[in-house]
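To start, the structure under review is shown below, and the notes come after it.
What follows is calculated from the coordinates using simple rules that are stated; it is not laboratory data. Source: prediction; values computed, not measured. Cβ atoms come from the backbone with ideal geometry, glycine included; neighbour counts cover every protein chain shown.
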Amino acid sequence: MKIEIMHQPNMLIACLDGELDEYSAVSVREKLDRAIDLAVVQNFIFDMSRLTFMDSTGIGILLGRYKKLKAKGMCIYIAHPSPHIDRILKTAGIYTIINKIA
Amino acid sequence: MNNQFRMKIKALTENVAFTRSCISAFCVGLNPSLEQLDEIKTSSSEAITNAIVHAYPTGGDNFIYVEVRIEDTNLTIIVEDEGVGIEDISQAIQPFFTTKAEEEHSGMGFTLINSFMDKVDIISTKDKGTKIVMQKNIVESTNV
C-alpha cells in the first residue's frame with residue numbers, strides 16, 4: 001500500500017494506491033496523520049482511484065481522519081472510489097459526513 | 001461442480017491479504033461477476049481479520065482455519081479460531097459496535113458480511129473459539 005501526498009493550491013490530495021486492510025492500516029494512518037498535522041490548507045481529498053481493495057478497516061481510518069481534519073476546520077472529500085468501495089462507503093454511511101466529489 | 005480446500009494460517013494480519021486472495025481465486029471456477037468476487041473478498045477479509053484481532057488477546061502462536069466449499073453454485077466459507085469466543089453475538093453484529101474503538105476499529109465488519117453474503121452463521125463458545133460460516137449462491141454471470 002502506497003500513499004502519495006500531493007500539494008495543490010489550498011488543497012492536499014492523498015492518493016491511496018493498493019490494498020487497505022488491517023495490516024496496511026498502521027503505515028497508512030501514520031502517513032495521513034503526518035500530512036494532516038503539517039497541513040495549512042482548507043481542503044483535504046482522499047483520491048481512491050488507485051485503491052484496489054478496502055475493508056471496514058478503511059472506514060475506521062476515514063472516521064479517525066475526519067475527526068482530525070474537522071478539528072482543524074478543514075473540508076474533506078472522497079474522489080474516485082471503485083464501485084465496490086463506493087458501496088462499502090455507502091453502507092457505512094460515510095457520505096453523510098464526507099462528500100464524494102467524483 | 002464440487003470442490004473444497006482447507007488452510008491453516010498463523011494469526012497474523014500480514015496473512016489476511018494472501019488468504020482472501022486464495023479464497024477469491026478458488027471461487028473463480030464458479031464464474032462469479034466482478035461484483036460477486038469483490039463481495040467474497042471483502043467478507044473473507046472481515047471474518048479473517050476479526051479472528052486475528054479479537055480471538056487471541058494474549059498473543060502467542062495462534063492459528064486460524066479457513067475452509068472453502070463449492071457445491072454446485074453454492075459457496076461456503078468457514079473461518080474458525082480457537083480463541084476467547086464472542087461473549088454477546090447479537091451485540092457484536094450491531095453496526096458500529098466495537099470493543100477496540102481506541103484502535104479505530106469501525107465495528108462494521110459483520111454489517112458488511114451480512115450485506116454481501118446470503119447467509120451468515122456465527123457459532124461461538126467462551127474460551128473455545130468462534131466459527132463463522134458464510135454462504136453465497138453464485139448465479140452464473142456473463143460479466144468478465
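Which FRET efficiency, nearest 0.05, do residue A:66 and residue B:7 yield, Cβ-Cβ r, R0 45 Å?
It comes out at approximately 0.80.
Quick check for me: using +1 on Lys/Arg Cβ and -1 on Asp/Glu Cβ, what's the dipole size of the protein assembly as shown about its Cα centre, in debye to the nearest 20?
Computed charge dipole of the protein assembly as shown: roughly 600 debye.
Filter the GluC sites (Glu not before Pro) in the range B:72-106 to those in DSSP coil with at most 11 other Cβ atoms within 10 Å of their Cβ, and list the result.
Those that pass, being in a loop and sparsely packed, are B:87.
What does a probe at residue B:99 reach in the range B:56-74, counting residues whose amide N is under 11 Å from the point 7 Å along Cα→Cβ?
B:56-58
Angle, helix A:56-71 long axis vs. longest principal axis of chain A, Cα atoms, 0 to 90°, nearest 10?
Orientation of helix A:56-71: about 20 degrees from the principal axis.
Within the range B:111-131, name every residue whose backbone N is under 18 Å away from a label modeled 7 Å from Cα of residue A:100 along the Cβ vector.
B:112, B:115-116
What does the charge dipole of the range A:2-100 about its Cα centre add up to, to the nearest 20 debye, if the Cβ of each Lys and Arg holds +1 and the Cβ of each Asp and Glu holds -1?
I would put it at about 380 debye.
What chymotrypsin sites (Phe, Trp or Tyr not before Pro) does the range B:16-113 have in DSSP loop regions with at most 16 other beta carbons within 10 Å?
Numbers: sites: B:18, B:26, B:63, B:65, B:96, B:97, B:110; in loops: B:96, B:97.
Loop-located and lightly packed - B:96.
Going Cα to Cα from residue B:136, which aspartates and glutamates come in below 15 Å? Please leave out same-chain ones fewer than 8 positions away.
B:35, B:38, B:39, B:67, B:71, B:72, B:118, B:121
Kindly flag which residue pairs out of A:31/B:100; A:67/B:10; A:70/A:100 have an alpha-carbon separation exceeding 24 Å in this structure. All intermediate terms of the calculation are to be shown ahead of the outcome.
Working: A:31/B:100 21 Å; A:67/B:10 34 Å; A:70/A:100 16 Å.
In this structure, A:67/B:10 lie more than 24 Å apart at Cα.
With +1 on each Lys and Arg Cβ and -1 on each Asp and Glu Cβ, and nothing else charged, work out how big the dipole of the range B:2-137 is about its Cα centre, in Debye to the nearest 20. It would help to have the intermediate numbers written out before the result.
Details: 12 positive and 20 negative charges, 64 e Å.
Charge dipole, the range B:2-137, about its Cα centre: 300 debye, nearest 20.
Compute the relative contact order of the range A:6-57 as a whole-number percentage, counting only Cα pairs closer than 8 Å that sit 6 or more residues apart in sequence.
Averaging sequence separation for qualifying contacts and normalising by length gives 59 percent for the range A:6-57.
Relative contact order, percent, of the range B:58-144 when contacts are C-alpha pairs under 8 Å separated by at least 6 residues?
Over the range B:58-144, the number comes to 34 percent.
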